[in-house]
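Student: Have a look at this one.
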Amino acid sequence: MKYAYYPGCSLEASAEEYDVSTREALKRLGVELSEIPDWTCCGASAAEPVSSLLTLALPARNLALAEREAPGLDMLVPCSACYLNHLRVGRECASDRALPGRINEALGAEGLRYGGRVRVRHLLDVLAGDIGPEAVAARVNRRLEGLSVAPYYGCQALRPYALFDDPEHPRSMEPLIAALGAAVFDWDMGGRCCGASLMATRRDVALVSVAAILDAAAGADAIVTVCPMCQMNLEAYQSQAHHADTISVLYLPQLLGLAFGLSDQQMLLGKNLAVTDALKAKLRACEAASA
Amino acid sequence: MKNTRPSISFTPAPLAFKDQELAAAQDMVRACMQCGTCTASCPNAFAMDLAPRQMWRMLLFGLTQEVLESRTFWLCSACYSCTLRCPRGLPLTAAMATLKRLAAAEGDSANRKKALFYQEFMHNVEQNGRIQEMGFMCHYFLAMHDPLLPLEYTPLGLKLLAKGKLRLGGRGQRGRLGPLFAKVRSMEGAS
Ligand code: SF4
Ligand code: SF4
């Protein structure tokens with residue numbers, strides 16, 4: 001299995017642990033990643049409030065590069081906002097026949113051409129669909145017994161295009177968590193918005209969402225995420241959200257890597273902003289049990 | 001602060017652009033049947049002054065000024081719940097973003113300030129190719145002219161610093177997006 005890889009800006013900087021754990025976990029699963037050369041920012045959640053054409057032209061540039069440099073490969077994207085931005089280019093071109101021409105006129109400034117041939121895939125889609133829980137279970141050598149994990153999906157991996165999961169009641173992470181030997185924490189906040197960029201523009205409003213999510217996770221050992229913005233909102237503002245106890249928040253591939261026997265250091269667990277001693281103790285117990 | 005760029009990207013836009021954006025927003029919600037599902041689905045509705053359902057109606061009635069003075073669309077976090085659930089299948093998240101663009105172009109100073117976050121972000125992308133998170137936040141704080149704002153973010157900044165997360169992203173794409181931005185700007189008719 002091979003994919004064209006679009007890490008996105010966050011994974012190069014503040015979410016380095018997501019990039020490293022994604023690469024490491026996928027390598028153990030026999031997946032090859034070919035990073036798209038010279039990729040640029042997809043516009044995140046800031047392009048659409050500024051320019052409708054730029055909203056599509058920025059991701060289309062990366063898609064054009066992928067078509068040229070990695071023909072025939074699906075594009076794997078770990079960030080949900082980047083994923084949706086790239087995905088919607090094809091979707092919108094399908095419903096507006098003038099759009100591909102406009103996009104290509106813009107990309108012509110750099111001699112690039114978007115042909116709509118790249119399939120855009122979220123990391124979670126690839127893990128749950130292409131790789132699957134059996135293949136994941138086969139790599140596990142440190143079962144995460146006794147760990148209760150709350151799957152957090154956020155918004156843009158699920159909506160508005162419900163391609164690989166139920167957009168209201170997502171479940172795709174559950175078989176993966178179970179494959180690691182951990183228990184799935186039963187809650188209904190997996191698809192609730194984390195506040196996204198409101199955390200920067202209207203923090204008071206975003207904190208209401210974060211508090212609701214953290215409160216609902218009480219009793220879980222960890223929340224796992226599949227997006228750097230969700231991760232940051234849930235891990236960095238726990239005290240402001242008036243949350244009584246810290247709740248560990250990990251990226252899904254970090255959890256995979258730990259169950260595959262990779263160390264805390266290899267999964268850059270030290271970069272996470274919310275990892276409790278209780279979780280670390282449980283991880284050590286899992287380690288001892290499998291030794 | 002050294003500020004060498006000509007003006008904030010994409011604003012102010014010429015009148016034709018504003019009319020187009022307004023018409024686009026109205027078209028998006030033309031088929032609204034006022035059921036209220038969008039309002040009920042919105043995680044941020046509690047903080048809005050106009051309920052989304054109500055705002056669509058006002059937009060269609062031509063109460064543009066009242067709509068643009070509202071804070072409702074600025075509170076959209078693009079969760080796509082309303083878009084997913086609207087029984088008429090209307091692209092409501094896109095309509096919210098269109099109103100953000102319109103409000104930024106419309107000229108009212110409160111709206112312009114709210115648009116700054118997005119514009120500073122895009123300005124950073126235009127210059128660097130890949131967003132430089134730290135530089136962007138510094139610029140944003142300066143542009144907001146709010147001396148208390150950076151303080152609000154100091155605890156987070158210190159946390160990130162301690163974790164070695166305030167590092168610079170790749171610099172190799174600096175300037176790469178200049179031609180694309182310029183082309184889009186000329187295509188959209190903004191100066
Ligand atoms: S959900 Fe759709 S039809 Fe119902 S009020 Fe909202 S926009 Fe109108
Ligand atoms: S997309 Fe925006 S307006 Fe719609 S429900 Fe989500 S936050 Fe509310």
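The values are calculated or read from the model by the stated rules, or taken from the named source; none is laboratory data. Nothing here was measured: the structure is a model prediction, and the numbers come from that model. Cβ coordinates were reconstructed from backbone atoms using ideal geometry, including for glycine residues, and neighbour counts include every protein chain displayed. Just the protein is used for accessible areas: all its heavy atoms, side chains included, with ligands, DNA and RNA removed. Shrake-Rupley method; radii C 1.70, N 1.55, O 1.52, S 1.80 Å.
Student: Identify all residues within region B:52-63 that are among the hydrophobic types (A, V, I, L, M, F, W, C) and near ligand 1 (Cβ under 9 Å from one of its atoms); write none if there are none.
Tutor: Within region B:52-63, B:TRP56 is the sole residue that qualifies.
Student: On to the next question. Please work out which residue is nearest to the other protein chains (Cβ to nearest Cβ), limiting yourself to region B:53-84 and to residues that are assigned to a helix (DSSP H, G or I) and of a type in the set (Ser, Thr, Tyr).
Tutor: In this case the residue turns out to be B:THR83.
Student: For the list (1) over 17 Å from the mean Cα position of the chain (by Cα); (2) buried (at least 18 other Cβ atoms within 10 Å of the Cβ); (3) away from chain B (no Cβ under 14 Å), I need the number of the one condition that A:VAL89 fails.
Tutor: Result: A:VAL89 passes all but (3).
Student: With the requirement that a residue be open to solvent by 10 Å² or more (accessible area, probe 1.4 Å) and within 16 Å of ligand 1 (Cβ to nearest atom), what does region B:64-77 give you?
Tutor: Residue satisfying the conditions is B:CYS76 alone.
Student: Would you mind telling me which numbered condition in (1) over 27 Å from A:TYR6 (Cα atoms); (2) modelled with pLDDT of 90 or more; (3) β-branched (Val, Ile, Thr) B:THR154 fails?
Tutor: Of (1) over 27 Å from A:TYR6 (Cα atoms); (2) modelled with pLDDT of 90 or more; (3) β-branched (Val, Ile, Thr), only one is false for B:THR154: (2).
Student: Here is a further query. Go through the residues of region A:54-66 one by one and say whether even a single one is in a loop (DSSP other than H, G, I, E, B) and crowded, with 23+ Cβ neighbours inside 10 Å.
Tutor: No, region A:54-66 has no match at all.
Student: Please state which of the following conditions B:LEU50 fails to meet, knowing it meets all the rest: (1) away from every other protein chain (no Cβ under 14 Å); (2) touching a residue at least 40 places away in the same chain (Cβ under 8 Å); (3) within 15 Å of ligand 2 (Cβ to nearest atom).
Tutor: Every listed condition holds for B:LEU50 apart from (2).
Student: Which members of region A:190-212 meet the condition of being out of contact with any Gly (no Cβ under 9 Å at 6 or more places or on another chain) and within 17 Å of B:ALA45 (Cβ to Cβ)?
Tutor: A:GLY195, A:LEU198, A:THR201, A:ASP204, A:ALA211, A:ALA212
Student: Taking the stated definitions as given, is A:GLU134 acidic (Asp, Glu) and either within 18 Å of B:LEU180 (Cβ to Cβ) or within 14 Å of chain B (Cβ to nearest Cβ) (or both)?
Tutor: No; evaluated as a whole, the condition is false for this residue.
Student: Among the residues of region B:100-107, are any within 14 Å of chain A (Cβ to nearest Cβ) and closer than 20 Å to A:LEU84 by Cα?
Tutor: For region B:100-107, residues within 14 Å of chain A (Cβ to nearest Cβ) and closer than 20 Å to A:LEU84 by Cα: present.
Yes or no, residue by residue, for (1) within 22 Å of A:ALA138 (Cα to Cα); (2) within 13 Å of chain B (Cβ to nearest Cβ); (3) touching a Leu at 6+ places or on another chain (Cβ under 6 Å); (4) outside any loop (DSSP other than H, G, I, E, B):
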residue	(1), (2), (3), (4)
A:TYR3	yes, no, yes, yes
A:SER10	no, yes, no, yes
A:SER14	no, yes, no, no
A:ASP19	no, yes, yes, yes
A:ALA25	yes, no, yes, yes
A:GLY30	yes, no, no, no
A:PRO37	no, yes, no, no
A:THR40	no, yes, yes, no
A:GLY43	no, yes, yes, no
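Student: I've got another one for you. Using beta carbons and a limit of 6 Å, which pairs, at least six apart or on different chains, have the first residue in region B:54-75 and within 16 Å of ligand 2 (Cβ to nearest atom) and the second one open to solvent by 60 Å² or more (accessible area, probe 1.4 Å) and in a helix (DSSP H, G or I)?
Tutor: B:MET58/B:GLU66; B:TRP74/B:LYS114
Student: Then there's this: If you take the residues in region B:26-47 that are away from ligand 2 (no atom under 13 Å from the Cβ) and either in contact with a Lys or Arg (Cβ under 9 Å, 6 or more places away or on another chain) or assigned to a helix (DSSP H, G or I) (or both), which one is farthest from the other protein chains (Cβ to nearest Cβ)?
Tutor: It comes out as B:GLN34.
Student: Identify all residues within region A:114-141 that are within 30 Å of A:ASP277 (Cβ to Cβ) and open to solvent by less than 20 Å² (accessible area, probe 1.4 Å); write none if there are none.
Tutor: Result: A:LEU123, A:LEU124, A:LEU127, A:VAL136.
Rundown of residues vs (1) without any contact (Cβ under 8 Å) to a residue 60 or more places away in the chain; (2) more than 23 Å from B:LYS100 (Cβ to Cβ), yes/no style:
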position: A:ALA182; (1), (2): no, yes
position: A:MET189; (1), (2): yes, yes
position: A:SER197; (1), (2): no, no
position: A:LEU214; (1), (2): yes, yes
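Student: So which pairs qualify, if the first residue must be in region B:79-104 and within 10 Å of ligand 2 (Cβ to nearest atom), the second must be charged (D, E, K, R) and open to solvent by less than 20 Å² (accessible area, probe 1.4 Å), the Cβ gap must be under 6 Å, and the two must be at least 6 apart or on different chains?
Tutor: Note: pairs meeting the criteria are B:TYR80/A:ARG159; B:LEU84/A:ARG159.
Student: Could I ask something else about it? Of the residues that make up region A:68-75, is at least one open to solvent by less than 10 Å² (accessible area, probe 1.4 Å) and within 24 Å of A:GLN231 (Cα to Cα)?
Tutor: Scanning region A:68-75, I find at least one residue that is open to solvent by less than 10 Å² (accessible area, probe 1.4 Å) and within 24 Å of A:GLN231 (Cα to Cα), so the answer is yes.
Student: Among helices (runs of 4 or more DSSP H) lying entirely in region A:77-157, which contain 2 or more residues that are within 21 Å of B:LEU84 (Cβ to Cβ) and small (Gly, Ala, Ser)?
Tutor: A:80-95
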